[in-house]
Amino acid sequence: MSPPSQDLENTVALVTGASSGIGQAAARTLAARGAAVALAARRGDRLRELAGEIADAGGTAVPIEADVSDREQAGSAVAQAVEELGRLDVLVNNAGVMLLGPIPEAPLEEWEQMVQVNLLGLLYTTHAALPHLLEAAEKDPRQVADLVNISSVAGRMARKGSGAYNATKHGVGAFSEALRQEVTGRHLRVSLVEPGAVATELQSHNRPGVREEIEKRFEDMDILQAEDIADAIAYVVTRRRRVAVNELLVRPTEQVA
């Protein structure tokens with residue numbers, strides 16, 4: 001019989017992009033399930049506030065100020081998490097940016113930023129974390145480890161106005177599936193969580209005009225909250241060892257595409 005994985009006691013999770021939105025909610029949820037949580041993001045003040053909140057609730061959290069789009073900082077974030085918390089059982093690659101708009105005359109800086117954060121940041125953090133995740137998968141208490149990559153509906157279907165963002169999220173999906181095939185026999189589960197419209201800061205980072213178009217598209221819709229995606233992440237990482245949830249698409253009920 002495979003050992004249960006529902007209990008995250010005596011495990012360690014690293015969440016990137018933990019200073020707001022889905023990352024912040026995921027960190028709270030995993031900590032509530034018993035994991036010690038390393039919080040990685042650029043905004044150290046928010047991380048320290050979140051770490052204090054988790055500690056006040058009886059959990060353990062370590063704030064790690066880092067920009068994962070920088071290879072050295074991504075590697076250092078993983079190393080600090082392992083050094084301070086002793087191991088790494090779960091990695092949630094959540095850090096990302098969503099800069100939309102038509103492809104003609106788009107600012108190339110926006111495309112570069114999305115590639116650097118959404119794709120390269122995820123690759124850097126994953127590469128640094130893999131040895132630790134594979135080691136944890138061989139050990140108690142769960143004898144399994146989890147890598148959760150946060151993608152998007154945009155990683156499943158392309159739509160006008162999202163070309164470069166689509167490209168990065170499709171890349172996340174392709175990388176995740178290739179890695180899954182390589183490590184699943186070693187009990188490292190690779191999972192892709194694909195949110196639809198979620199109320200986070202992502203939309204606010206867009207240029208004027210583009211931002212208003214996004215808001216108009218969803219203004220009459222009861223869109224998801226960050227906690228809804230955190231629940232999905234918790235579901236993925238708390239299955240029994242024999243169960244791997246490889247892909248999970250979560251849309252608002254009213255969202256068509």
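Candidates in the range 128-150 are the residues that are touching a residue at least 12 places away in the same chain (Cβ under 8 Å) and part of a helix (DSSP H, G or I); of these, the one that is farthest from the chain's Cα centre (by Cα) is 135. Does residue 174 satisfy the criteria of being closer than 26 Å to residue 99 by Cβ and in contact with a Phe, Trp or Tyr (Cβ under 8 Å, 6 or more places away or on another chain)? No, not satisfied. Residues in the range 89-103 that are assigned to a loop (DSSP other than H, G, I, E, B) and either surrounded by fewer than 24 Cβ atoms within 10 Å (Cβ to Cβ) or under 15 Å from the mean Cα position of the chain (by Cα) (or both): 89, 94, 95, 96, 97, 98, 99, 101, 102, 103. One residue stands out among those in the range 71-102 that are without any contact (Cβ under 8 Å) to a residue 12 or more places away in the chain and among the charged types (D, E, K, R): the one that is nearest to residue 137 (Cα to Cα), which is 83.
Of the residues making up the range 213-255, those that are in a helix (DSSP H, G or I) and at pLDDT 95 or above are 226, 227, 228, 229, 230, 231, 232, 233, 234, 235, 236, 237.
Selection of the range 37-49 for residues being over 12 Å from the mean Cα position of the chain (by Cα) and either assigned to a loop (DSSP other than H, G, I, E, B) or surrounded by 24 or more Cβ atoms within 10 Å (Cβ to Cβ) (or both) yields 37, 38, 42, 43, 47.
Looking at the range 171-189, is at least one residue loosely packed, with under 15 Cβ neighbours inside 10 Å and not in a helix (DSSP H, G or I)? No; the residues of the range 171-189 include none that is loosely packed, with under 15 Cβ neighbours inside 10 Å and not in a helix (DSSP H, G or I). When we screen 33, 71 for residues that are among the basic types (Lys, Arg), surrounded by fewer than 23 Cβ atoms within 10 Å (Cβ to Cβ) and within 23 Å of residue 193 (Cβ to Cβ), the only hit is 33.
In a helix (DSSP H, G or I), out of contact with any helix residue (DSSP H, G or I) (no Cβ under 8 Å at 6 or more places or on another chain) and not small (Gly, Ala, Ser) - does that describe any residue in the range 62-71? No, every residue in the range 62-71 fails to be in a helix (DSSP H, G or I), out of contact with any helix residue (DSSP H, G or I) (no Cβ under 8 Å at 6 or more places or on another chain) and not small (Gly, Ala, Ser).
The values are calculated or read from the model by the stated rules, or taken from the named source; none is laboratory data. Keep in mind it's a predicted model, so treat the numbers as computed, not measured. Counting neighbours? That spans all protein chains shown, and the Cβs are built from the backbone with ideal geometry, glycine included.
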